[in-house]
Amino acid sequence: MTDLLFRGGPAFTRATRSAGRSTPRFAEAVLVRDGRIAAVGDEDEVLRRARPGHETVDLGGRLLTPGFVDAHIHPVQAGLERAKCDISQVYGLPSYLEKIAGYAAAHPDHKWIDGGGWDMSAFPGGLPHRTQLDFLDRPVYLIQRDHHAAWVNTRALEIAGITAETPDPADGRIERDADGAPSGVLHEGAMDLVGLLTPRPTESDIDAALMDAQSYLFSLGITGWQDAIVGSYAGSDDQYPAYISAAESGRLKAHVVGALWWDRTRGAEQIEEMTERRARSVGRFHARSVKIMQDGIPENFTAAVIEPYCNCGPDQRGLSYVDPALLKGYVAELDRRGFQVHFHAIGERAVREALDALEGSAPANRHHIAHVQIIEPSDIPRFARLEVTANLQPLWATHHMQMDELCIPFLGEERSGWQYPFADLVKTGARLCAGSDWPVSSADPLQGMHVAVNRTEPGGSVHADYPTAQTPFLPRQSLDLATVMAAYTQGSARINHDDEAGVIEEGMRADLVVLDRDPYALEPQDIWTTQVAMTFVDGEAVYERPA
């Protein structure tokens, strides 16, 4: 195999942290041989080690980085949604209705119109209504961008038999009009009441969705990820067989960890099944993590908080999906068996419940808590003490409409100031990894880095022109670029137990990304303009941006 030499621009090899900041380390040249990093350092020194006939990638001042690893993402779900009625690329009710009508006209044979991507902030109070979709005579089921609610029309409610008398499920809520009639929004577990009736994708559909997502993620420099739900959830279909098939055939080129879904309607008996699934991991796919979703989101008051939400009554404290009294025992058994636990925790009570459950767990299992939107300040140092990694979704830490209109007024001033405390986590010694939660938000790591550094909306975002979008959100919690780039590379690779990736060092796997410019040379407000030019996995080019 021909040697590949990268020269002519800086190579970000890793970051080292000291006193709450990271120092980026750079090299002049990198040599790849047989899918591995063969040499790193000064250009003359690296060139001497290259074999005759080597190929050269002239960076031309552009930056070479380790491949990005998304530590919390849903690629199969995203791929399926991209093939359905996808309204995530437009914003506002008129645009949504235009897209929905166009999709329905193009697919007259579809018995259901399903898909998603609507934004709560596009509707008064965050709530669309069934009647807005009643121009269609077919049932409609559209998942909210955050995947914590669904928008349905009257026909869908009729098919599901949902009326004013239908009780809320224990883990969700049916939004209702003043007379008690269902309004057309189903929150959390209530989504299943309609979602389970929609047409199921075939094995071929799921496989195509995975392959489509992989190609798209390569275009963003993502060479590995942790799929945050592998299993059936809220009307979804199990992605596990698709990953196994793609890994066995060699079509899965990315390095992937699957987080097996913890069914909150069951107990410890499911751990044996998870152990069997882990044993069947193959090739570049390993099911070594378990995803426990501990709460919902603040926008619909399902995020678990300590004190009640403001203006919502004295008993509205959100939901703990897994009984905290049982949670510690479940986590202890998973930890004993060597599983990594991957928590979803957004409210400060859910974060505390996750940390309490992880007390005494083995650091070697590399447990992590995703989202961490609100952390009560006394819990921040516990991440470092327990060696629990904070899994950041930086794109959410801005003054977008959903934050200003659907979060802050109901969280209150003090608790609103506890949101996305990235810098405080770093200062107390916490490890970081990073992800996108795609298709909830953009999968582009460079957009996430922009927000982590600036705490403002990146250009091109549907929220970029919102009146306060360019006002930094809690700017004292911003990170330097090296810290957040390290979270997307070495931090996320570590979470995947992938100790052969995440940094550019001799002997490491050649998962590499060429950016179209050097973001370290840009003004911070311009980081978002950076794009991926080339992506390599195991030294093989898997993406090159068209000229």
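The values are calculated or read from the model by the stated rules, or taken from the named source; none is laboratory data. None of the values given here were measured: they were computed from a predicted structure. Glycine also receives a Cβ, built like all others from the backbone with ideal geometry; neighbour counts cover every protein chain displayed.
Restricting attention to region 503-533, and to residues there that are more than 13 Å from Thr13 (Cα to Cα) and within 22 Å of the chain's Cα centre (by Cα), which single residue is surrounded by the fewest Cβ atoms within 10 Å (Cβ to Cβ)? The residue in question is Gln531. Taking the criterion of being part of a strand (DSSP E or B) and within 15 Å of Phe536 (Cα to Cα), the residues of region 14-37 that qualify are Val30, Leu31, Val32, Arg33, Arg36, Ile37.
Among the residues that make up region 289-300, is at least one of them over 26 Å from Thr202 (Cβ atoms) and of a type in the set (Lys, Arg)?
Step one: filter region 289-300 for residues over 26 Å from Thr202 (Cβ atoms), giving 289-290, 292-300.
Applying the additional criterion that residues be of a type in the set (Lys, Arg) yields none.
Looking for residues that are over 26 Å from Thr202 (Cβ atoms) and of a type in the set (Lys, Arg), one finds none in region 289-300, hence no.
The residues of region 319-348 that are assigned to a helix (DSSP H, G or I) and either modelled with pLDDT under 95 or surrounded by 24 or more Cβ atoms within 10 Å (Cβ to Cβ) (or both), listed by number, are Val331, Leu334, Glu348.
Consider Thr456 carefully, then state whether it is assigned to a helix (DSSP H, G or I), buried (at least 24 other Cβ atoms within 10 Å of the Cβ) and either outside the structural domain of Phe218 (by TED's automatic domain parsing) or not aliphatic (A, V, I, L, M) (or both). No, not satisfied.
Residues in region 58-75: is at least one more than 30 Å from Ala521 (Cβ to Cβ) and either at pLDDT 95 or above or surrounded by fewer than 23 Cβ atoms within 10 Å (Cβ to Cβ) (or both)?
Residues of region 58-75 that are more than 30 Å from Ala521 (Cβ to Cβ), as a first pass: 74-75.
Pick out the ones that are also either at pLDDT 95 or above or surrounded by fewer than 23 Cβ atoms within 10 Å (Cβ to Cβ) (or both) and you get 74-75.
The answer is yes, given that some residue of region 58-75 is more than 30 Å from Ala521 (Cβ to Cβ) and either at pLDDT 95 or above or surrounded by fewer than 23 Cβ atoms within 10 Å (Cβ to Cβ) (or both).
Of all the listed residues (Ala209, Ala178, Ala156, Ala190), the sole one being surrounded by fewer than 18 Cβ atoms within 10 Å (Cβ to Cβ) and either closer than 30 Å to His129 by Cα or in contact with a Cys (Cβ under 7 Å, 6 or more places away or on another chain) (or both) is Ala178.
Restricting region 288-303 to residues that are over 17 Å from the mean Cα position of the chain (by Cα) and not in a loop (DSSP other than H, G, I, E, B) leaves a set whose member that is surrounded by the most Cβ atoms within 10 Å (Cβ to Cβ) is Pro298.
From Arg337, Arg415, Arg366, Arg349, grab the single residue that is assigned by TED's automatic domain parsing to the domain that holds Val484, among the basic types (Lys, Arg) and within 20 Å of the chain's Cα centre (by Cα). None of the others qualify; the one that does is Arg366. Does region 37-62 hold any residues that are in contact (Cβ under 8 Å) with a residue 40 or more places away in the chain, in contact with a strand residue (DSSP E or B) (Cβ under 9 Å, 6 or more places away or on another chain) and either over 25 Å from Leu446 (Cα atoms) or assigned by TED's automatic domain parsing to the domain that holds Asp238 (or both), and which are they? Across region 37-62, the qualifying residues are Ala38, Ala39, Val46, Leu47, Ala50, Arg51, His54, Glu55, Thr56.
You will find that of Leu411, Leu425, the residue that is buried (at least 23 other Cβ atoms within 10 Å of the Cβ), at pLDDT 95 or above and in contact with a Cys (Cβ under 9 Å, 6 or more places away or on another chain) is Leu411 and no other.
Considering only region 135-160, state which residues are among the small types (Gly, Ala, Ser) and at pLDDT below 95.
Within region 135-160, the first condition is being among the small types (Gly, Ala, Ser), and the residues that meet it are 149-150, 156, 160.
Ala149 - this is the single residue of region 135-160 that is among the small types (Gly, Ala, Ser) and at pLDDT below 95.
Just wondering, is there one or more residues in region 446-456 that are in contact (Cβ under 8 Å) with a residue 24 or more places away in the chain and under 24 Å from Asp499 (Cβ atoms)? Within region 446-456 (the criterion being in contact (Cβ under 8 Å) with a residue 24 or more places away in the chain and under 24 Å from Asp499 (Cβ atoms)), the answer is yes, since at least one residue qualifies. Taking the condition part of a helix (DSSP H, G or I), aliphatic (A, V, I, L, M) and either in the same structural domain as Trp118 (by TED's automatic domain parsing) or touching a strand residue (DSSP E or B) at 6+ places or on another chain (Cβ under 7 Å) (or both), does Met449 pass? No: the conditions fail for Met449. Listed by first and then second residue, the pairs with beta-carbon distance under 7 Å, at least 6 apart or on different chains, first residue in region 386-405 and within 16 Å of Thr456 (Cβ to Cβ) and modelled with pLDDT of 95 or more, second of a type in the set (A, V, I, L, M) and surrounded by fewer than 24 Cβ atoms within 10 Å (Cβ to Cβ), are Thr398/Ala469; His399/Ala469. Considering only region 304-313, I want to know if a residue exists there that is surrounded by fewer than 18 Cβ atoms within 10 Å (Cβ to Cβ), among the polar types (S, T, N, Q) and in contact (Cβ under 8 Å) with a residue 12 or more places away in the chain. There is at least one residue in region 304-313 that is surrounded by fewer than 18 Cβ atoms within 10 Å (Cβ to Cβ), among the polar types (S, T, N, Q) and in contact (Cβ under 8 Å) with a residue 12 or more places away in the chain.
Identify the residue in region 21-54 that is among the small types (Gly, Ala, Ser) and touching a Ser or Thr at 6+ places or on another chain (Cβ under 9 Å) and, among all such residues, is surrounded by the fewest Cβ atoms within 10 Å (Cβ to Cβ).
Within region 21-54, the first condition is being among the small types (Gly, Ala, Ser), and the residues that meet it are 22, 27, 29, 35, 38-39, 41, 50, 53.
Next, only the ones that are touching a Ser or Thr at 6+ places or on another chain (Cβ under 9 Å) stay: 22, 27, 50, 53.
Working: Ser22: 21, Ala27: 21, Ala50: 21, Gly53: 7.
My answer is Gly53.
Does region 465-486 contain at least one residue that is within 28 Å of Leu80 (Cβ to Cβ) and either touching a strand residue (DSSP E or B) at 6+ places or on another chain (Cβ under 7 Å) or not assigned by TED's automatic domain parsing to the domain that holds Gly116 (or both)? Don't jump to the end; show me each part of the working.
Keep residues of region 465-486 that are within 28 Å of Leu80 (Cβ to Cβ), which gives none.
No, every residue in region 465-486 fails to be within 28 Å of Leu80 (Cβ to Cβ) and either touching a strand residue (DSSP E or B) at 6+ places or on another chain (Cβ under 7 Å) or not assigned by TED's automatic domain parsing to the domain that holds Gly116 (or both).
Here's the yes/no breakdown for (1) closer than 17 Å to Arg155 by Cβ; (2) of a type in the set (Val, Ile, Thr); (3) free of Cβ contacts under 8 Å to residues at least 40 places away in the same chain; (4) not assigned by TED's automatic domain parsing to the domain that holds Ile297:
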residue: Tyr91; (1), (2), (3), (4): no, no, no, yes
residue: Lys99; (1), (2), (3), (4): no, no, yes, yes
residue: Gly102; (1), (2), (3), (4): no, no, yes, yes
residue: His107; (1), (2), (3), (4): yes, no, yes, yes
residue: Lys111; (1), (2), (3), (4): yes, no, no, yes
residue: Asp114; (1), (2), (3), (4): yes, no, no, yes
residue: Trp118; (1), (2), (3), (4): no, no, yes, yes
residue: Ser121; (1), (2), (3), (4): no, no, no, yes
residue: Leu127; (1), (2), (3), (4): no, no, no, yes
